[in-house]
Amino acid sequence: MIQEIREQPAALQATLQNEASNVQALADRVRQRNVDFAVIVARGSSDNAAKILKYLLEIMAGLPVALAAPSVVTLYKGRLDLSNALVIGISQSGQAPDVTEYLSVARAGGALTASITNDPSSPLAKAAESHLALHCGPELSVAATKTYTCTLALAFLLAKALSNDGAEAALIPDLAAKTLLLEPVIQPLVERYRYMRECAVLARGINLGTADEVALKLMETTYSPAKPFSIADFMHGPFALIEDAYPCLLLAPNGAALQSMVDGAAKLKSGGAELIVAAANKDILSLARSPIPIDFQVDESLSPIVYAIIGQLFAYYLAVSRDLNPDQPRGLTKVTKTN
């Protein structure tokens, strides 16, 4: 896992270089087909990436996006009118039967279909009209790392191709490399949380999917129940969880969502929560018991890649501190197939 975490700058560079023309071709097809909306179908980490792609397509390109419930098609045989839709299937292995079936049904019904996988010969890649490849090489860790961030890179590239707006994609590999320099900060910090029973992972907006992904990484590698929330939702019923020293990991990049994160962090601290905060903003870092300062600029639209890597490092070193092997999480295999 740690080897593949460290391979991310190179994997991101290869993915961006090799897929830019394919992403542009897909964007051209979307315009030619007068697509009205998009549907994204995925499971696990890929579904967390799908949530971020939804935000990027809606914010940058103005394209409404729905996240699919695969069982509507696979179990209930629902008939959906997707004839004016772009339907995107995401699976790092391309082996997910329910994602592939959903995409196949959508294509037969007239949808424009695309897939994102790390295996161009996989069933999902073959089921789609357009395939966007993750140029990651083999990913052996059960916990997805480089395939996840490369999916995010393609998500940003597609949103940018449909909008001609936003940050420069060429910045992504360097942002990943700079994030890896936080490893000496994160490794000793996690020792304090070696015996935590559970925690909350909080973000907002574009990084809501990042909170889901970081929580997933913590659960699959450290076995601690990690509860992901939008900080706006957490201020409602879930705030009752807060007791003295309850750990809350906050992902708070600069941007539109920052002020609500600062306000939420202040309320959490006043309620007794112990805050672990990854941020560049000094106001929110000052509230943290365990700050993870980010000393470089990152556009909010690219921040999910930075914060995913921070979460990967946190989960990896917490697992190691517990004498667990994050490469062999109990009960899990690299490819999970659901129908």
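The values are calculated or read from the model by the stated rules, or taken from the named source; none is laboratory data. Nothing here was measured: the structure is a model prediction, and the numbers come from that model. Cβ atoms come from the backbone with ideal geometry, glycine included; neighbour counts cover every protein chain shown. Heavy atoms of the whole protein, side chains included, go into the accessibility calculation; ligands, DNA and RNA do not. Shrake-Rupley method; radii C 1.70, N 1.55, O 1.52, S 1.80 Å.
When P(r) over Cα pairs in 20 Å bins from 0, in percent is calculated directly from the model, which label among [x] 33, 58, 9; [y] 25, 31, 23, 19, 2; [z] 27, 55, 17, 2, 0 fits?
Of the labelled values, this structure produces [x].
Relative to the longest principal axis of the C-alpha atoms of the chain, give the angle of the C-alpha long axis of helix 258-270, reported between 0 and 90° and rounded to the nearest 10°.
For 258-270 against the chain, the angle is about 40 degrees.
Mind pulling the angle between the C-alpha long axis of helix 208-222 and the longest principal axis of the chain? Nearest 10 degrees, somewhere in 0 to 90.
Between helix and principal axis, roughly 70 degrees.
As a quick test, which of the pairs K54/K282; K77/K126; K126/K217 have an alpha carbon distance above 24 angstrom in this structure?
K54/K282; K126/K217
Given the -39500 (n - 2.57) contribution per DSSP H run of 4+ residues, what per-residue ellipticity at 222 nm results for the chain, rounded to the nearest 500 deg cm²/dmol?
Dividing the helical sum by the residues of the chain leaves -14000 deg cm²/dmol.
Considering only DSSP states other than H, G, I, E and B, which trypsin sites (Lys or Arg not before Pro) in segment 146-201 qualify as loop sites with at most 14 other Cβ atoms within 10 Å?
Answer by residue number: R194, R197.
Per residue of segment 230-247, what does 6.51 cos²θ - 1.76 cosθ + 1.60 with θ = phi - 60° give for ³J(HN,Hα)? Whole Hz please, x for Gly and Pro, Karplus curve as stated.
Values, residue by residue: 5, 4, 5, 5, 4, 5, 8, x, x, 4, 4, 5, 5, 9, 4, 6, 5, x Hz.
Per residue, how big is the convex hull of segment 195-240 when only Cα atoms are used? Give it in Å³.
Considering the Cα atoms of segment 195-240, their hull volume per residue is 57 Å³.
Considering only protein heavy atoms, what per residue accessible area in square angstrom results for segment 184-327 with a 1.4 angstrom probe?
So segment 184-327 comes to 38 Å² accessible per residue, rounded to a whole number.
Show which aspartates and glutamates lie in cross-link reach of K178 when reach means a straight Cα distance below 19 angstrom and same-chain residues fewer than eight apart are skipped.
Filter leaves E4, E7, E168, D295, D299, E300.
Of Q187, L140, L158, which is farthest towards the positive pole of segment 117-273's charge dipole, taken about the Cα centre with +1 and -1 on the beta-carbons of Lys, Arg and Asp, Glu respectively?
Q187
I'd like the accessible area for F229, computed on protein heavy atoms only with a 1.4 Å probe and all protein chains in place. Round to 10 Å², please.
The value for F229 is about 50 Å².
Tell me, what % of the accessible area of the chain is carbon and sulfur with a 1.4 angstrom probe?
The value for the chain is 51 percent carbon and sulfur by accessible area.
Using a simple charge model, +1 on the beta-carbon of Lys and Arg, -1 on the beta-carbon of Asp and Glu, nothing else, what dipole does the chain show about its Cα centre, in debye to the nearest 20?
Roughly 500 debye for the chain.
List the residues whose amide H sits under 5 Å from the amide H of A66, counting only those 5 or more places along or on another chain, with H placed 1.01 Å from N in the peptide plane.
Result for A66 returns A38, V39, I40.
Once every Cα of segment 173-249 carries one equal point scatterer and solvent is ignored, give the base-10 log of I(q)/I(0) from the Debye formula at q = 0.13, 0.23, 0.24, 0.26 Å⁻¹, two decimals.
Results for segment 173-249 at q = 0.13, 0.23, 0.24, 0.26 Å⁻¹ read -0.46, -1.19, -1.24, -1.29.
Using the charge dipole of the chain (Lys, Arg: +1 at Cβ; Asp, Glu: -1 at Cβ; taken about the Cα centre), state which of I2, V30, A279 has its Cα farthest towards the positive end.
Farthest towards the positive pole: V30.
With +1 on the Cβ of every Lys and Arg and -1 on the Cβ of every Asp and Glu, and nothing else charged, how large is the dipole of segment 74-146 about its Cα centre, in debye rounded to the nearest 20?
80 debye
If exposed GluC sites (Glu not before Pro) are those in a DSSP loop with at most 15 other Cβ within 10 Å, what is the longest stretch of the chain that has none?
1-128
If ligands, DNA and RNA are left out, what is the accessible area of F37 with a 1.4 Å probe, given in Å² to the nearest 10?
60 Å²
What is the set of long-range amide H partners of H131 at a cut-off below 5 Å, with H atoms built 1.01 Å from backbone N?
Those lying under 5 Å, H to H, from H131 are S115.
Semi-axes of segment 1-109's equivalent ellipsoid from the Cα gyration tensor, sqrt of 5 times each eigenvalue, largest first, rounded to whole Å?
Working from the Cα gyration tensor, I get semi-axes of 25, 19, 12 Å.
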